[in-house]
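Throughout, read-outs are computed from the coordinates displayed, never taken from laboratory work. In this text, all values refer to a predicted model and were calculated from it rather than measured experimentally. Quick reminder, even Gly has a Cβ in these numbers, built from the backbone with ideal geometry, and neighbours come from all protein chains shown.
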Amino acid sequence: MSSQLDREVTPEWRSVGEPNRMQSTPSVASPSVGTVLETVFGLRQKELRTYEAIRADPGASTKALSDRLDRDRSNINRSVTQLEDAGLVTRHRRILDSGGYYYANYAAPTAVLEEVVDEALDQWVTEARSTVADHKWEASRESPTES
């Protein structure tokens with residue numbers, strides 16, 4: 001036996017995939033640039049802080065970044081490597097007059113950055129759509145965030 005309450009709670013659908021509601025598109029939060037970089041490239045806050053430090057001081061050495069961010073140089077190197085793998089920064093080996101060398105770190109120019117992020121975002125959206133399409137909604141007992 002079905003109660004009136006059950007009928008009110010159950011949404012009615014006009015056709016498959018089309019909810020009966022006034023709003024034509026779902027409300028989606030606008031992400032920050034940091035959130036996009038975290039999501040699309042799998043970066044963490046420490047990589048984003050390293051990226052911002054490189055943008056603020058083009059050509060900064062690993063030591064200078066380490067001092068500025070109060071992090072160990074090996075951690076800075078890992079962050080720079082992840083940023084470099086993402087195409088957001090590059091490093092150039094600089095020879096010192098006194099002997100030895102250091103790496104100067106540079107953020108990608110805006111035009112390159114926009115192209116890299118746009119391409120990665122398109123790829124991420126394709127992957128996200130595939131993940132959702134492949135998800136077994138009815139067979140799964142886990143929440144959507146667990147899969």
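Projecting the Cα atoms of 113, 77, 125 onto the charge dipole of the stretch 30-129 (Cβ charges, centred on the Cα centre) puts 77 farthest toward the positive pole. Between amide H atoms placed 1.01 Å from N, distances below 5 Å from residue 57 occur with no residue 5 or more places distant or on a separate chain.
Projecting the Cα atoms of 40, 62, 100 onto the charge dipole of the stretch 30-129 (Cβ charges, centred on the Cα centre) puts 100 farthest toward the positive pole.
For residue 71, no residue whose modelled amide H falls within less than 5 Å of its own remains once neighbours fewer than 5 places apart on the same chain are excluded. The HN-Hα couplings worked out from phi for the stretch 126-133 by the Karplus form 6.51 cos²θ - 1.76 cosθ + 1.60 (θ = phi - 60°) are 4, 5, 5, 4, 5, 4, 5, 5 Hz, whole numbers, x standing for Gly and Pro.
The percentage of C-alpha pairs in the stretch 26-89 whose separation is greater than 15 Å is 49%.
Shown for 46, 136, 63: other C-beta atoms within 10 Å of each C-beta, ranked fewest to most, produce the order 136, 63, 46.
Here the stretch 24-147 has an Rg and Dmax of 18.7, 67 Å, counting Cα atoms alone.
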